[in-house]
There are 4 protein chains.
Amino acid sequence: MIRILVTGGTFDKEYNELAGTLFFKDTHLPEMLRLGRSRLDVAVRTLMMIDSLEMTDADRALIVEHCRRSDERQIVITHGTDTMVETAQALAVALTGGTRTIVLTGAMVPYAFGSSDGLFNLGSALSFVQVLPPGVYVAMNGRCFTADRVRKNRETGVFEAI
Amino acid sequence: MIRILVTGGTFDKEYNELAGTLFFKDTHLPEMLRLGRSRLDVAVRTLMMIDSLEMTDADRALIVEHCRRSDERQIVITHGTDTMVETAQALAVALTGGTRTIVLTGAMVPYAFGSSDGLFNLGSALSFVQVLPPGVYVAMNGRCFTADRVRKNRETGVFEAI
Amino acid sequence: MIRILVTGGTFDKEYNELAGTLFFKDTHLPEMLRLGRSRLDVAVRTLMMIDSLEMTDADRALIVEHCRRSDERQIVITHGTDTMVETAQALAVALTGGTRTIVLTGAMVPYAFGSSDGLFNLGSALSFVQVLPPGVYVAMNGRCFTADRVRKNRETGVFEAI
Amino acid sequence: MIRILVTGGTFDKEYNELAGTLFFKDTHLPEMLRLGRSRLDVAVRTLMMIDSLEMTDADRALIVEHCRRSDERQIVITHGTDTMVETAQALAVALTGGTRTIVLTGAMVPYAFGSSDGLFNLGSALSFVQVLPPGVYVAMNGRCFTADRVRKNRETGVFEAI
C-alpha cells in the first residue's frame, strides 16, 4: 500500500466565486485518482491544507513524524512548490538511513482550473515511489531528484538539478 | 533522451463534429507534455494513428523495428488498450535480452474529451521508463506490469496481473 | 416557468470507455443549468434520448403532443442538429396560431467532451424563449431563425437563413 | 452587427502560475465565441481590463462615451459582477431615450478555470441584445433585468429583481 499525505499547495487551491479569491477547502486527491483510473492501493491522509509559503517548522516536524511512524514504506506527499525542496531536505535529514521511499510532488496550476499539470505529476510521483530505493525525492516536470540535488527556479517555475 | 512512439489508440481519438463520429487526426502528445510542464528531453515520432483493434502483424513488426533501431534506451509507446498486451508480448519476444526499457501506455478516455486518464498514464509511463531495468512493460492505472504478466480485463477495462 | 423537453442529440452523447463508442445515458441538462448558475424556473422532461437521424414521425408526433398539452407558454427543446429543422417545421405546422414560444437548440460537440458549444446554445435558447413572440424557432450559433426560414448547412455544420 | 465592449471582470481573470495569484492578461472573448460556434457578426473592443471593484467614475464615463458614439445599436458589455449594476445605471442615466440596446453580462467563475458560467451568460447576453427594445439591461443567471430593477445579492452571488 502507498501512503499519500496531503499538505495543500497549488494542487488543492479552489476559486471562491463570492470573494473572487483562491482558497483551500478539501483535497482533490480522491477525485484525481478516480480520473486517472488508478488501481493502486492507497491511503490518503490530509495533514494540513496550506500554502507552502506559510509552512512552519512545526508543520514540517508534523510531516516528518507522520512519515517516521507510517506503516507504509512508500509515501507520496502533495505539497506547495515554493518550499517543497525545504520540506524534502528536512525529511532527508530526519530520516537518514531509513527504509522508506518518500516522493514529494505538487502542481503549478490548481487541479480545479482545468489545465493543471497536477494529474501528470501525480501519475509520475506514484510511479517513482514504487520503484525507487529508500530515500527522499522531489518529482516534478516528469523528472525525479534526490532531496539534496534540486531547487526550484523561481523565474521559470521549473525544478532543476543543482 | 526518451523516445516516444505514437501508434494512436483512445489517447488520440477526436470528435468529428460534422459526422458525429470519433476519428484520428494528429497526436495530442506534444500538447499533453506541455500541459504536464514536462521538462524531459523527448523525441516524439508518430508511427501510425489507428485503433489497436485494427493493428496487424505488419504494424507490430514496424513497431518492433523502430524499437530495435532506436538510439534511445528508454522508449514509451502510446497504444490502444485493446491489443496493448499483444504488442507488448511481440516486443518482449523480438527484443529478448535487449538493453532497452520499453513502456507501453494508453487511455480509456480520449485526451480531447476533458476527463481523460491519459495525462495520469503519460506521467506514469514516463517515470517508470526512467528507472526500470531493460525489459518490456505495460503501465496503466498507476501500475506497471511486465509484458508476460498482464492482461486487460475486458469487463472492467482494468489491467491486471496474471 | 420554462418547460425544457429533452430528446437527446449530440448535447447528451457520452463516451463509453469499455466499448470506445458514443452512446446516450442520462441528460446533462441539470448539470449544465447548474454550471450556468441558472436561476430560471424550469421543468425538465426527457421525452427520448436518441440521435436525431433516427427520429421517426411517431417521435415527432410525441414532441408535438407534449408541446400542445404543455402548461408552460415558453418551451425549449434540446435536439440533434441533423433533423432539428424538420422537427421545428413539424411543430410549426401542427401548432399554427398557437400561443407558445418554442425554441429548439442543440450542440455540435457533446457537452461531456469539455469543448462543447452546448452551454452557449443553452444560454441563448433560454434567453430567446423569454422574449420572442409565439412561434417556433431554431437557436444555434448565437442566432435565432423561424422554423420556415432555416436550414443546416451539412458541409459547414452551420445553421443559416434561407 | 453587435458591438462587444470588454472591461475585464471575473470573465477574463487568469491564474499566474509563478506568483500563484489571479491577474488579467488578454480577453477570452474571441476564444469563447469560437467555442460557442458563434456566427454572429460582432466587433470586439477592449476598453479596460480591471476588477470592477476598482472601476472609477472616469472608467464609467469612458464606457458611456463608447456606447454613445457606437455605430452599432446592439451592444454587449462584459463586466465584473461586483459593480455591474452601478455601471448599468450610469449608462441608463446618461443614455436616456437612446436608440441602443445595451446588455451587461459577466461571470462568477473565470472562463479559464474550466467550470465557468461565462459561456452560458455570453450566449444569453448575445441573444437578449438582438431582441430587446432599446434600453440598458443586465443579463445574468439566465435572466434579464432592466438597469433600474436589479441588484446583486452579495451573500448568494445571484442577481435578483428589486
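The values are calculated or read from the model by the stated rules, or taken from the named source; none is laboratory data. Note that the structure is predicted; figures quoted are calculated from it, not measured. FYI the Cβ positions are ideal-geometry reconstructions off the backbone, even for glycines, and counts take in every protein chain you see. The protein model used for the area step is the full one, side chains on, heavy atoms only, and it has no ligands, DNA or RNA in it. Shrake-Rupley method; radii C 1.70, N 1.55, O 1.52, S 1.80 Å.
Here is how the numbers come out for the structure above:
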{"quantity": "Qualifying trypsin sites (Lys or Arg not before Pro) for segment A:20-53 [loop in DSSP, other Cβ within 10 Å: at most 12]", "calculated": "A:Lys25"}
{"quantity": "Centre separation in Å (Cα based) which lies between segment D:118-162 and segment C:119-162", "calculated": "20"}
{"quantity": "Cut-off 15 Å between beta-carbons: net charge of the residues surrounding C:Ile75, Lys and Arg +1, Asp and Glu -1", "calculated": "+3"}
{"quantity": "Long-range amide H partners of C:Val150 with built H, under 5 Å", "calculated": "C:Ile162"}
{"quantity": "Simple Cβ-charge dipole of the protein assembly as shown, Lys/Arg +1 and Asp/Glu -1, about Cα centre, in debye nearest 20", "calculated": "0"}
{"quantity": "Candidates A:Leu126, A:Leu22, A:Leu95: whichever shows maximal mean-square fluctuation once chain A is modelled as a Gaussian network with Cα springs under 10 Å", "calculated": "A:Leu22"}
{"quantity": "Convex hull of Cα atoms in segment B:60-152, direction-averaged projection (nm²)", "calculated": "5.7"}
{"quantity": "Nearby lysines by direct alpha-carbon distance to A:Lys13 (threshold 22 angstrom, same-chain neighbours under 8 apart not counted)", "calculated": "A:Lys25, A:Lys152, D:Lys13, D:Lys25"}
{"quantity": "Net +/- balance of residues flanking C:Ile50 in space, Cβ distance below 12 Å, scoring K and R +1, D and E -1", "calculated": "-3"}
{"quantity": "B:Val64 versus D:Val64: modelled label distance in nm, points set 7 Å from Cα along the beta carbon direction", "calculated": "8.0"}
{"quantity": "Cleavage-rule hits, GluC sites (Glu not before Pro), segment D:61-162, DSSP coil, Cβ neighbours within 10 Å at most 13", "calculated": "D:Glu155"}
{"quantity": "Residues whose placed amide H lies under 5 Å from that of C:Val76, excluding near-sequence neighbours", "calculated": "C:Arg3, C:Ile4, C:Leu5, C:Val103"}
{"quantity": "Heavy-atom accessible surface that B and A bury in contact, both chains counted, 1.4 Å, Å² to 100", "calculated": "2300"}
{"quantity": "Dipole of segment B:1-148, positive end: most advanced residue of B:Thr56, B:Leu22, B:Ile102 [Cβ charges, Cα centre]", "calculated": "B:Ile102"}
{"quantity": "Degrees between helix D:84-94 axis and first principal axis of chain D (Cα, 0 to 90, nearest 10)", "calculated": "30"}
{"quantity": "Rg to Rh, two decimals, where the protein assembly as shown supplies the alpha carbon set and Rh follows Kirkwood", "calculated": "1.02"}
{"quantity": "Rg followed by Dmax, in Å, when segment C:1-73 is reduced to its Cα trace", "calculated": "14.0, 42"}
{"quantity": "Base-10 log of normalised Debye intensity for segment B:38-106 (one unit scatterer per alpha-carbon) at q = 0.16 Å⁻¹", "calculated": "-0.53"}
{"quantity": "Derived scalar couplings ³J(HN,Hα) [segment C:115-121; Karplus, 6.51 cos²θ - 1.76 cosθ + 1.60; whole Hz; x for Gly, Pro]", "calculated": "10, 8, 7, x, 5, 4, 5"}
{"quantity": "Estimated vicinal HN-Hα couplings, Hz - segment B:59-75 in sequence order (Karplus 6.51, -1.76, 1.60; Gly, Pro = x)", "calculated": "4, 5, 4, 5, 4, 4, 4, 5, 5, 4, 8, 5, 6, 8, 9, 10, 10"}
{"quantity": "Cα gyration tensor shape for segment C:78-125, rounded if a/c is under 1.5, else prolate or oblate", "calculated": "oblate"}
{"quantity": "Taking the convex hull of Cα positions in chain D, its mean projected area over all directions (nm²)", "calculated": "9.2"}
{"quantity": "DSSP beta bridge pairing in the protein assembly as shown, given as percent antiparallel to the nearest 5", "calculated": "35"}
{"quantity": "Cα-derived Rg to Rh of segment A:121-162, Kirkwood definition", "calculated": "0.98"}
{"quantity": "Options D:Val42, D:Ala112, D:Ala88, ranked by Cα towards positive dipole end of chain D, top entry (Cβ charges)", "calculated": "D:Val42"}
{"quantity": "Binned Cα-Cα distance frequencies in segment C:100-145 - 5 Å width, integer %", "calculated": "5, 26, 31, 18, 11, 6, 2"}
{"quantity": "HN-Hα J in Hz across segment B:34-40 - Karplus 6.51, -1.76, 1.60, θ = phi - 60°, x for Gly and Pro", "calculated": "5, 4, x, 6, 4, 10, 6"}
{"quantity": "Net dipole in debye of chain C [+1 Lys, Arg Cβ; -1 Asp, Glu Cβ; about Cα centre; nearest 20]", "calculated": "560"}
{"quantity": "Inter-copy separations for A:Thr56, label at 7 Å along Cα-Cβ, nm, ascending", "calculated": "4.2, 6.9, 7.2"}
